[in-house]
1. Check off (1) hydroxyl-bearing (S, T, Y); (2) surrounded by fewer than 14 Cβ atoms within 10 Å (Cβ to Cβ); (3) outside any loop (DSSP other than H, G, I, E, B) for S189 and give me the number that stays unchecked.
2. Got at least one residue in the stretch 129-143 being in a loop (DSSP other than H, G, I, E, B), among the β-branched types (V, I, T), under 20 Å from D44 (Cα atoms) and under 14 Å from the mean Cα position of the chain (by Cα)?
3. Are any residues in the stretch 142-189 on the phi > 0 side of the Ramachandran plot and either touching a Ser or Thr at 6+ places or on another chain (Cβ under 6 Å) or of a type in the set (S, T, Y) (or both), and if so, which ones?
4. Which one of these is surrounded by fewer than 24 Cβ atoms within 10 Å (Cβ to Cβ) and not in a helix (DSSP H, G or I): R85, R55, R114, R110?
5. Out of everything in the stretch 214-249 that is touching a residue at least 24 places away in the same chain (Cβ under 8 Å), closer than 22 Å to E186 by Cα and part of a strand (DSSP E or B), what residue ends up being nearest to the chain's Cα centre (by Cα)?
Amino acid sequence: MVTPRYAGARRAALIPFLFTLLLGACGVDILGFLVSGDLEERQDERNNLVFLDGRFQTLNTGDSYSFVVLSDTHIEGGGAFGLERLAEALREEDAFVVITGDVTQSGERRDVNRFIEIARDIEAAWGIPCYPVLGNHDVYFNHWPVWKELIGSSTYRVDSDTATLFILDTANASLGASQLSWFEAELESAKPRVFVFTHVNFFVEHPGDLQQITDVRERARIMALLSGRCDALFSGHVHKRIVKNLGGVQYITIEDFRDNKTYCRVTVSPQGLSWEFFQL
């Protein structure tokens, strides 16, 4: 039998262990994590893509097109781990590219600028946008003001003639009441096809893994909103590939680009959608 004194000591010792385990899925710098931005503060401004100068918030896709999704590029020290070669892999039918968070390793200005440089190269080569999602690494060390200045909002909506893209902010492993209410209201006017892009994963691969969305009620609410209305939700964060189907929604978590050079091409047609994973 464990005495109360020793039980308390064990609980105290367990807290840092669980904290480290929780953060370990994405190679977290704990100091950077502690000095990071506030979700509600970031929700004060939406639908403002500074680095695109307001362009590409309306797309022309038609009924048949494809798009590319990748995650966790972790640009660091100006090095992009091969991301600059992504333009070589794109195709004429690709309508846009999305990076689902942790675009940078720690939100440094030069690394955000490196992403913008690569995104502009893709735009120049193909005439298509590269949309960034805010990840936990991107707001480390209170670097949200850098993202806001150079990229713009962390939550935004993009419409085409047939689809709506929702970019959501889960950099703090939560969605927040304000963002969820905004999403629910915006969903009412969304186009027939809906694609959602966020950083933190909704599902895990093994029972021993930890779920990263911290509030199960938030997770349940957004999944209820997505059911029967959304085609697919894309995420990253855990550096693993996880594909689930629930309520008619494809939940696709993509392994990291930094080490695996993986990207996913999604093909959309009137008959539905399909996807294939590639390595650059």
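We did not get these values from a lab; they are worked out from the coordinates using the rules stated. This is a predicted model, so every value here is computed, not measured. With ideal geometry, Cβ positions are generated from the backbone for all residues, glycine too; neighbour counts draw on all protein chains shown.
1. Here S189 clears every test but (3).
2. Yes - at least one qualifying residue is present in the stretch 129-143.
3. A173
4. Going through R85, R55, R114, R110 in turn, the sole match is R55.
5. Of everything passing the filter in the stretch 214-249, S235 is nearest to the chain's Cα centre (by Cα).
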